[in-house]
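Structure, as structure tokens:
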Amino acid sequence: MNDENLDKFVSERGRMVVEDLRGRGITDERVLDVMGQIRREDFVVGKYQSHAYDDGPLPIGMGQTISQPYIVALMSEQLRVEKGHEILEIGTGSGYQTAVLSRLGRWVYTIERHGELTNPAQNALEKAERRNVEFCIGDGSCGWPGERVFDRIIITAAVEGLPGPLVEQLKDGGIMVAPVGQMYSQELMVYKKAGEKMIGKTICSVRFVKLIGKYGFAE
Ligand code: SAM
């Protein structure tokens, strides 16, 4: 990448933070700071790289997308990640949301169904010097393999309802953020686990690709 492109991306990243994130109501300074530093262009492939700071989702291959920057910021803000937190992410995709979360919390465990996406995501995260991420290829609707619990869980693909294994893997008092609804339209929901209950709040309407798996949509 030449110097001219680098400068262009730096100024576009600054614009994104001011106009698309802060300008739309994102107030969490840690989220704004992190998204002002991570090179989104490294998570976007080929001809789409020059659109890395566009105000929308972009294709990343396998029929999947990197989410709109505002949605990444909103989900990260709603997750209220603290420095010591262990986070489970379902749907690694490009790894961009993973990179944001890895700067906010202690460790990110991320699951992607398409192995073809995991390699580029791993490379981009290495380039971003993120070493606190563990990857898994498989059906994230079944949760992280083995018995584990997490402080925070984020589902970055649409579900009709919360997958049971993910509810089980959330610590008591933990927070889960997910797009919940039908195949082509969902509500972004934030849940707090209180004993056996998941207390939910609607944030806004969204449109995500579907979570395909045993506790998600059929292929
Ligand atoms: N947050 C990602 C980013 O920043 O690039 C975007 C995620 S994309 C909207 C949703 C991802 O969920 C896709 O990569 C898709 O392959 C993945 N996915 C769908 N069903 C899944 C499942 N059961 N387990 C794991 N990943 C799944």
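The values are calculated or read from the model by the stated rules, or taken from the named source; none is laboratory data. As the structure is a prediction and not an experimental result, all values here were calculated from the model. Please note: Cβ atoms are built from the backbone with ideal geometry, for glycine as well, and neighbour counts cover all protein chains shown. Surface areas here come from the heavy atoms of the whole protein model, side chains and all, with no ligands, DNA or RNA. Shrake-Rupley method; radii C 1.70, N 1.55, O 1.52, S 1.80 Å.
Counting only protein heavy atoms, what percent of the accessible surface of the chain is carbon or sulfur at a 1.4 Å probe?
Details: 4940 of 10280 Å².
Carbon and sulfur: 48 percent of the exposed surface of the chain.
Tell me the angle of helix 115-127 to the major Cα principal axis of the chain, expressed in degrees between 0 and 90 and rounded to the nearest ten.
60 degrees
Give me the dipole magnitude in Debye, nearest 20, for the chain about the Cα centre, with unit charges on the beta carbon: positive for Lys and Arg, negative for Asp and Glu.
Details: 27 positive and 31 negative charges, 78 e Å.
Dipole magnitude for the chain comes out near 380 debye.
So what are segment 55-206's ellipsoid semi-axes, whole angstrom, largest first, if each one is the square root of 5 times an eigenvalue of the alpha-carbon gyration tensor?
Working: eigenvalues 91, 65, 44 Å².
Each semi-axis is √(5λ); the values are 21, 18, 15 Å.
Using the Karplus equation 6.51 cos²θ - 1.76 cosθ + 1.60 (θ = phi - 60°), what ³J(HN,Hα) coupling, rounded to whole Hz, does each residue of segment 204-215 give in order, writing x for Gly and Pro?
So the J values, rounded to whole Hz, are 5, 7, 9, 9, 10, 5, 7, 7, 9, x, 4, 10.
How many percent of DSSP beta bridges within segment 55-206 run antiparallel, rounded to 5? Could you put the intermediate results ahead of the total?
Details: 19 of 38 bridges.
Antiparallel bridges make up about 50 percent of those DSSP assigns within segment 55-206.
May I ask you to give the solvent-accessible area per residue for the chain, in square angstrom, as obtained with a 1.4 angstrom probe?
Numbers: 10280 Å² over 219 residues.
It amounts to 47 Å² per residue over the chain.
In degrees from 0 to 90, rounded to the nearest 10, what is the angle of the helix 3-15 Cα long axis to the longest principal axis of the chain?
50 degrees
For the chain, set up a GNM with springs between Cα atoms under 10 Å and report which of Gly105, Gly56, Gly95 has the largest fluctuation.
Between Gly105, Gly56, Gly95, it is Gly56 that shows the largest mean-square fluctuation.
In the chain, how many lysine pairs have Cα atoms under 17 Å apart, counting only pairs 8 or more places apart or on different chains?
Values: Lys8/Lys47; Lys83/Lys171; Lys171/Lys192; Lys171/Lys193; Lys171/Lys197; Lys192/Lys201; Lys193/Lys201.
Qualifying lysine pairs in the chain: 7.
Relative to the present Cα-Cα distance, how much length would full extension add between Met183 and Arg207 at 0.36 nm per residue of separation? Let's see the in-between values first.
Details: separation 24, 0.36 × 24 = 8.64 nm, distance 0.84 nm.
Residue separation times 0.36 nm, minus the Cα-Cα distance, leaves 7.8 nm.
Please identify, among Ile111, Ile87, Ile199, the residue showing maximal mean-square fluctuation in a Gaussian network model of the chain using a 10 angstrom Cα cutoff.
Residue with maximal mean-square fluctuation among Ile111, Ile87, Ile199: Ile199.
Could you list which residues have their amide H under 5 Å from that of Leu170, counting only those 5 or more apart in sequence or on another chain, with H placed in the peptide plane?
Here Phe150 satisfy the definition.
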